[in-house]
Amino acid sequence: MKVIELIDRSIIDIRVNHVMEQYGLDTSDSYLILDNGLVVCIPLSDLEPELEVEVGEVPVEAESIRKLLKKNFRCLLNQPITDIICFREEIRFDKAFIELANGYLISEIPIAPNGTGDAGLWYFESIRVIEAEFGMNYSRLTEQ
């Protein structure tokens, strides 16, 4: 599946496989389950419409955000993907930001030092929150 094909697809569930290694590195992999049944990973921050998104299966040990986030997951599910946003300069996220129809954005930090709490799925209420933290030097897939 190409990155551009994510646009207008809805995320029906997100599963996260988080592994903490004491005194080492925490790792996290997020799996987006789309309305067409495909399971994809959050794409890297390379804005090329024809770039392939990693498609696969959800590991058994991955947990649904319905369980992990309790109440707050509703804002991330059953919303069409409206855009993919990538920063032109390096920030702490090397994965793209997926913008949803309700304005929320999701991304992921796949690896971080143990105990920092950085590794995992991240979500933001709006593009304004991201602009305040990282600036406005980003590109939108839909504007290419």
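Those strands (runs of 3 or more DSSP E) of segment 1-101 in which at least 1 residues are among the aromatic types (Phe, Trp, Tyr), considering only elements entirely within it, cover 25-34, 81-87, 97-100.
Conditions (1) out of contact with any His (no Cβ under 7 Å at 6 or more places or on another chain); (2) surrounded by 14 or more Cβ atoms within 10 Å (Cβ to Cβ); (3) over 22 Å from ALA119 (Cβ atoms), marked per residue:
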| site | (1), (2), (3) |
| --- | --- |
| VAL3 | yes, yes, yes |
| VAL16 | yes, yes, no |
| TYR23 | yes, no, no |
| ASP29 | yes, yes, no |
| ASN36 | yes, no, yes |
| VAL40 | yes, yes, no |
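Here GLU90, GLU131, GLU63, GLU125 are screened, and the one residue that is exposed (fewer than 12 other Cβ atoms within 10 Å of the Cβ), over 16 Å from ARG9 (Cα atoms), more than 12 Å from the chain's Cα centre (by Cα) and of a type in the set (D, E, K, R) is GLU90.
Here segment 1-36 is the region considered, the condition is being small (Gly, Ala, Ser) and either at pLDDT below 95 or closer than 13 Å to LYS95 by Cα (or both), and the residue that is nearest to the chain's Cα centre (by Cα) is SER30. Any chance you could count how many residues in segment 113-144 are closer than 16 Å to ARG92 by Cα, in a helix (DSSP H, G or I) and among the acidic types (Asp, Glu)? Residues meeting the conditions: 2.
When GLU99, GLU90, GLU57 are screened for being more than 17 Å from VAL129 (Cα to Cα) and modelled with pLDDT of 85 or more, only GLU57 passes.
Condition check ((1) among the acidic types (Asp, Glu); (2) touching a residue at least 60 places away in the same chain (Cβ under 8 Å)) across all residues:
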| position | (1), (2) |
| --- | --- |
| MET20 | no, yes |
| GLY24 | no, yes |
| SER45 | no, no |
| GLU50 | yes, no |
| GLU54 | yes, no |
| GLU61 | yes, no |
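Restricting the first member to segment 124-144 and to residues that are in contact (Cβ under 8 Å) with a residue 40 or more places away in the chain and within 11 Å of ILE85 (Cα to Cα), and the second to residues that are among the β-branched types (Val, Ile, Thr) and outside any helix (DSSP H, G or I), the beta-carbon pairs closer than 6 Å and six or more apart or on different chains are TYR138/ILE85; ARG140/ILE85; LEU141/ILE84.
The values are calculated or read from the model by the stated rules, or taken from the named source; none is laboratory data. Quick caveat, the model's predicted, so the values are computed rather than measured. With ideal geometry, Cβ positions are generated from the backbone for all residues, glycine too; neighbour counts draw on all protein chains shown.
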